[in-house]
Amino acid sequence: MQGEQSLYRGKTLPGQPEYKLRRKKMVEELRSQGIKDERVLFAINKIPRHLFVEEAMQGIAYQLAALPLADGQSISHPLTVARMTELLELKRTERVLEIGTGSGYQTAVLAELCEKVFSVECIRSLLVQARRCLESLDYYNVLIKFGDGNEGWAEMGPYDAIIVTAGAKEYPKLLGNQLKEGGKLIIPVGDQEQEIFVQRKIGGSMQTIQRFPCKFVELVAGQKALVY
Ligand code: SAH
């Protein structure tokens, strides 16, 4: 299964023993913090997170920490990436919508575990950088568009799962419409205090099945989102 996964998803970089070792250690830390899904751990063990951060940060790319990106954004904490991905319970057949591409790291994790990722980012420079990085790693099952994620990406929907990687002050109502019946939406919501809401679409309406505290950069609302 693992061999098959390496064959048709992003490539594994040869060499780089130092980074490989750090990645392995990070995976063990994630495991000890409660991440159980072996497929998620496999993806994290494979993906070169150091290539998704600025050069100056590469040395600390495998610490369990969120790291700064350009424009005041950040690459999510590996535990958050692992937990949110685990909650999606992907089976390799899904079309997944991601809001907030950022570095593209979470995108790569999703790309390893589902059929196709559609990702929306509102800062053009981040989008360009993420796309370049994902292409260089052969993630051909990813499409990224510039836009306001509050609106989702209706043309490509409906999706089996939707993941939002920025904190929404207000719940973006449009996203649920783009989800298939039975599909899952994971979204951080709140102002000062944020919580990740895990919702499922049941009988056409969104029902919260789990929630827990979190800390994300802001999901920018409306026109403010497209100033870059
Ligand atoms: N998963 C990313 C997280 C990046 S931080 C990673 O690990 O790298 C959140 C991202 O959401 C930022 O890149 C930010 O620009 C983007 N974002 C914020 N508001 C948005 C909006 N309304 N539409 C699309 N992207 C948005």
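The values are calculated or read from the model by the stated rules, or taken from the named source; none is laboratory data. Please read these numbers as outputs of a predicted model, since none were measured by experiment. Neighbour counts run over all protein chains shown; Cβ positions are idealised from the backbone, glycine included. Side chains are part of the model used for accessible areas, which takes the heavy atoms of the whole protein and leaves out ligands, DNA and RNA. Shrake-Rupley method; radii C 1.70, N 1.55, O 1.52, S 1.80 Å.
Observations
- Contact annotation: residue pairs with Cβ atoms under 6 Å, 6 or more positions apart or on different chains, pairing a residue in segment 2-22 that is under 19 Å from residue 40 (Cβ atoms) with a partner that is modelled with pLDDT under 75 and open to solvent by less than 50 Å² (accessible area, probe 1.4 Å), are 12/6.
- Only one of 174, 110, 179 that is within 27 Å of residue 48 (Cα to Cα) and not charged (D, E, K, R): 110
- Filter result for residue 131 (open to solvent by 10 Å² or more (accessible area, probe 1.4 Å), at positive phi and of a type in the set (D, E, K, R)): no
- Every residue from segment 89-117 that is under 11 Å from residue 162 (Cα atoms), open to solvent by 10 Å² or more (accessible area, probe 1.4 Å) and outside any loop (DSSP other than H, G, I, E, B): 95
- Scanning segment 35-65 for residues that are surrounded by fewer than 17 Cβ atoms within 10 Å (Cβ to Cβ) and in a loop (DSSP other than H, G, I, E, B) yields 36, 54, 63, 64, 65.
- Neighbours by Cβ (under 7 Å, 6+ apart or cross-chain): first from segment 48-66, over 15 Å from residue 137 (Cβ atoms) and of a type in the set (S, T, N, Q); second open to solvent by 40 Å² or more (accessible area, probe 1.4 Å) and assigned to a loop (DSSP other than H, G, I, E, B): none
- Members of segment 118-128 found to be outside any helix (DSSP H, G or I) and either farther than 12 Å from residue 146 by Cα or open to solvent by 10 Å² or more (accessible area, probe 1.4 Å) (or both), listed by number: 121, 122
- Of the residues making up segment 130-152, those that are more than 10 Å from the ligand (Cβ to nearest atom) and more than 15 Å from the chain's Cα centre (by Cα) are 132, 135, 136, 137, 138, 140.
- Leading residue by the ranking (least open to solvent (accessible area, probe 1.4 Å)) among those in segment 68-78 that are touching a Phe, Trp or Tyr at 6+ places or on another chain (Cβ under 9 Å) and farther than 15 Å from residue 47 by Cα: 69
- If the condition is being under 15 Å from residue 120 (Cα atoms) and touching a helix residue (DSSP H, G or I) at 6+ places or on another chain (Cβ under 7 Å), then segment 165-184 contributes 165, 172, 174, 178.
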